[in-house]
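Here is the structure we will look at, set down as C-alpha cells.
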Amino acid sequence: MHCKENETENGNNPSNPGSKEMNVNPTLSIVEIPMTKVETTISFYEKTFQTKIERMTMGDTELTVFPSDGKTVSIVLTKGEGYIPSNKGMLVYFNAGEDLQPILSSVAKNGGKVVLEKTEISPEMGYFALFMDPEGNQIGLHSKK
C-alpha cells in the first residue's frame, strides 16, 4: 500500500484542482413551497409580504417566484404533480427583516393562521414565529428584533 501526503483514500488530492473530489459548501439555492390553490396562495403571500410574485410555467408545473437579488435563496411556490402542501417535514424560515411582527400580524387577515406567536430564541439570535399558509404549509419567520 502506498501513501501520498494530502491524498484521500480514493486517490483524489483535495488541493489539486484536477481532483475528482468535490468541495461544495451546502448552502440553499432554491426553496419550493407546494401549492394547489394558485390564486389563493399567491394572493396570501403577496399581501402578507407586500410584494409582487412572478408567475411562470414549466410543462404542466405552475411556478411563482418571489423577487430575488440573485445573491439569496430563490423562493418558489409550486403547483404540479408530486407537490403536496404539508405542515410536516422540512420547515422553511423567511427572513422577516428587522422585526417579524408586522408580517406575522398580517397572516390571519390574509387567510393564514398563526401557529406560534413571536418567540425569542436568544438575544444574539433574535426571534421566530410560525404560521400556516392557506394551503396548510407550516412556514417560519425570523428577525433580529
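The values are calculated or read from the model by the stated rules, or taken from the named source; none is laboratory data. Computed from a predicted model, the values in this text were never measured in an experiment. Counting neighbours? That spans all protein chains shown, and the Cβs are built from the backbone with ideal geometry, glycine included.
Structure summary
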item: Residue count for segment 104-120, restricted to those that are part of a strand (DSSP E or B) and either free of Cβ contacts under 8 Å to residues at least 12 places away in the same chain or under 19 Å from Val38 (Cβ atoms) (or both); result: 2
item: Residue match in segment 100-110 (condition: of a type in the set (A, V, I, L, M), more than 20 Å from Arg55 (Cα to Cα) and exposed (fewer than 14 other Cβ atoms within 10 Å of the Cβ)); result: yes
item: Which listed residue, of Thr36, Thr57, Thr64, Thr48, is β-branched (Val, Ile, Thr), in contact with a Pro (Cβ under 8 Å, 6 or more places away or on another chain) and modelled with pLDDT of 95 or more; result: Thr36
item: Candidates Ile33, Ile42, filtered to the one that is outside any strand (DSSP E or B) and more than 19 Å from Ser143 (Cα to Cα); result: Ile42
item: Contacts under 6 angstrom Cβ, first residue in segment 55-77 being more than 19 Å from Val92 (Cβ to Cβ), partner assigned to a strand (DSSP E or B) and of a type in the set (A, V, I, L, M), 6 or more apart; result: Met56/Leu63
item: Residue within segment 96-103 that is touching a Lys or Arg at 6+ places or on another chain (Cβ under 8 Å) and within 19 Å of Ile33 (Cα to Cα) present; result: no
item: Members of segment 58-82 that are more than 14 Å from the chain's Cα centre (by Cα), under 20 Å from Asn137 (Cβ atoms) and part of a loop (DSSP other than H, G, I, E, B); result: Gly80, Glu81, Gly82
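Residues checked against (1) within 23 Å of Val114 (Cβ to Cβ); (2) surrounded by 15 or more Cβ atoms within 10 Å (Cβ to Cβ):
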position: Asn23; (1), (2): no, no
position: Thr27; (1), (2): no, no
position: Ile33; (1), (2): yes, yes
position: Ile42; (1), (2): yes, yes
position: Tyr45; (1), (2): yes, yes
position: Gln50; (1), (2): yes, no
position: Glu54; (1), (2): no, no
position: Asp60; (1), (2): no, no
position: Pro67; (1), (2): no, no
